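Let me begin by presenting the structure, written as structure tokens, before commenting on it.
The values are calculated or read from the model by the stated rules, or taken from the named source; none is laboratory data. The structure displayed is predicted, hence computed values, not measured ones. Counting neighbours? That spans all protein chains shown, and the Cβs are built from the backbone with ideal geometry, glycine included.
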Amino acid sequence: MMDKKVAGLLNDQINKELYSAYLYLDMANFYSSKGLDGFANWYEIQAKEEQDHAMLMYKYLHNNDQDVTLEAIAKPDKEFKELMDPLTAALAHEQYVTSLINTIYDAACEAKDHRTMQFLDWFVKEQGEEEANSSGLIRKMELFGGDAKALYMLNSELAGRVYSAPSLQL
Ligand code: FEO
């Protein structure tokens, strides 16, 4: 039987991941309104990945005979004015999500729940990648965002991102 605290934290995390999807969709929304379809594509795919994260947790809880409670998803509340704003908000958000995953990991460790620790290993690695991607985008924008031609190229690069299902299958 899964530890109640661990199950509760995983249940909460489903909501946090769905909020992340909603937040990233709002970033895509912002870039679409600015005519930057490549940036919009990047964040639309990011939103899909967050839905995948939520579904992995949802399925994991069900596979372990846990009930799932779905709560309301909060409205994205970040305000974007400059093209850089979603990029810095995304990095701050991923750092926050990393702290949430670490908290669940710590609870699983305390409960000696090795199965959940192994399940979360994938998320720990994923958070490292997501933070690196977010920092990388900020760096590129710092370098190239001030030049129209370079921004056009960066937008074209981001338009090439394609969705792929998560490597973790349950
Ligand atoms: Fe599901 Fe971007 O962390």
Selection over the range 105-134 where residues are charged (D, E, K, R), closer than 15 Å to His93 by Cβ and surrounded by 16 or more Cβ atoms within 10 Å (Cβ to Cβ) yields a count of 3
Identify the residue in the range 22-43 that is over 17 Å from Leu91 (Cβ atoms) and crowded, with 20+ Cβ neighbours inside 10 Å and, among all such residues, is farthest from the chain's Cα centre (by Cα).
-> Leu36
Within the range 88-103, count every residue that is more than 9 Å from the ligand (Cβ to nearest atom) and either in contact with a Ser or Thr (Cβ under 7 Å, 6 or more places away or on another chain) or not in a helix (DSSP H, G or I) (or both).
-> 1
Say whether the condition of being loosely packed, with under 12 Cβ neighbours inside 10 Å, in contact (Cβ under 8 Å) with a residue 24 or more places away in the chain, of a type in the set (A, V, I, L, M) and not in a helix (DSSP H, G or I) is met by at least one residue in the range 60-70.
-> yes
Would you call Ser167 of a type in the set (Ser, Thr, Tyr) and at pLDDT below 95?
-> yes
Going through (1) in a helix (DSSP H, G or I); (2) among the aliphatic types (A, V, I, L, M); (3) under 30 Å from Gly35 (Cα atoms) one by one, Ala165 fails only at (1)
Is there a residue in the range 58-80 that is within 16 Å of the ligand (Cβ to nearest atom) and among the acidic types (Asp, Glu)?
-> no
Tyr31 versus (1) within 19 Å of Leu158 (Cα to Cα); (2) within 16 Å of the ligand (Cβ to nearest atom): which is the lone unmet condition?
-> (2)
Where a residue in the range 122-142 is closer than 19 Å to Glu50 by Cα and its partner, wherever it lies, is of a type in the set (Asp, Glu) and within 11 Å of the ligand (Cβ to nearest atom), with Cβ under 6 Å and at least six apart | Glu130/Glu94; Glu131/Glu94; Ser134/Glu94
